[in-house]
Amino acid sequence: MSKQTRRQFLSAAGKTAAVTGIATMTGGAAMAAEAPAQKVFVHHVYFWLNNPDSQEDKAKLIAGLQKLAKGAKTILQHHIGTPSSTNRDVIDRSYQVSWLLFFKNKAEQDIYQTDPAHLKFIEECSSVWKKVIVYDAEDI
């Protein structure tokens, strides 16, 4: 066995690390190609109330959404909001309540659409809104 200098040892170690790193990166890419990652599905709903100034109707809708958030099993994360005070030409503040949901993927959102908790929410709260617009988006 030949004796290596410190410089030779470090050079050999660096080359080994570089080759191992490349192999790991290539292996990781191959694994990613084999098993594609799930794409998060975003479901954003805007509600316009029949009586936009009715705090009672707004409270009923918000309570219904809070109940739905606890009852629907496929929701990963949710947010209930009202229009911000921001004011620029591109901002629509005409709605009264927004409902933002995140799902693991489109299939989970599809399940949500027929979830008994979602159907019950529609049955109990649809009387307070006159218009609903939905924006769905998937990861790219």
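The values are calculated or read from the model by the stated rules, or taken from the named source; none is laboratory data. Worth saying up front: this structure is predicted, and the values here are computed from it rather than measured. Here the Cβ is made from the backbone with ideal geometry for all residues, glycine too, and neighbour counts use every protein chain on show. Remember, those area values only see protein heavy atoms, side chains included, never the ligands or the DNA or RNA. Shrake-Rupley method; radii C 1.70, N 1.55, O 1.52, S 1.80 Å.
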(Q) Checking the structure you have, find out if any residue of region 46-55 is modelled with pLDDT of 95 or more, surrounded by 15 or more Cβ atoms within 10 Å (Cβ to Cβ) and of a type in the set (Asp, Glu). (A) no
Q) Taking region 95-140 as the region of interest, how many residues are polar (S, T, N, Q), in contact with a strand residue (DSSP E or B) (Cβ under 7 Å, 6 or more places away or on another chain) and in a loop (DSSP other than H, G, I, E, B)? A) 2
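Each row is one residue, and each column tells you yes or no for (1) under 25 Å from Val40 (Cβ atoms); (2) out of contact with any helix residue (DSSP H, G or I) (no Cβ under 6 Å at 6 or more places or on another chain).
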{"site": "Asn51", "(1), (2)": "no, no"}
{"site": "His79", "(1), (2)": "yes, yes"}
{"site": "Asn87", "(1), (2)": "no, yes"}
{"site": "Lys104", "(1), (2)": "yes, yes"}
{"site": "Ala107", "(1), (2)": "yes, yes"}
{"site": "Ile111", "(1), (2)": "yes, yes"}
{"site": "Lys130", "(1), (2)": "no, yes"}
{"site": "Val134", "(1), (2)": "yes, yes"}
{"site": "Ile140", "(1), (2)": "yes, yes"}
Q.
I need the full set of residues from region 45-76 which are out of contact with any His (no Cβ under 9 Å at 6 or more places or on another chain), under 17 Å from Glu108 (Cβ atoms) and not hydrophobic (A, V, I, L, M, F, W, C), in order please.
A. Lys70, Lys73, Thr74
Q. Considering only residues of region 84-111 that are within 14 Å of the chain's Cα centre (by Cα) and aromatic (Phe, Trp, Tyr), which is surrounded by the most Cβ atoms within 10 Å (Cβ to Cβ)?
A. Phe103
Q) Within the bounds of region 116-133, is there any residue that is under 17 Å from the mean Cα position of the chain (by Cα) and surrounded by fewer than 16 Cβ atoms within 10 Å (Cβ to Cβ)? A) no
Q.
I'd like the full set of residues that are without any contact (Cβ under 8 Å) to a residue 12 or more places away in the chain and within 17 Å of Ala69 (Cβ to Cβ), limited to region 82-113.
A. Gln113
Q. Which one of these is at pLDDT below 55 and either within 16 Å of Leu101 (Cα to Cα) or open to solvent by less than 40 Å² (accessible area, probe 1.4 Å) (or both): Gly71, Gly64, Gly27, Gly81?
A. Gly27
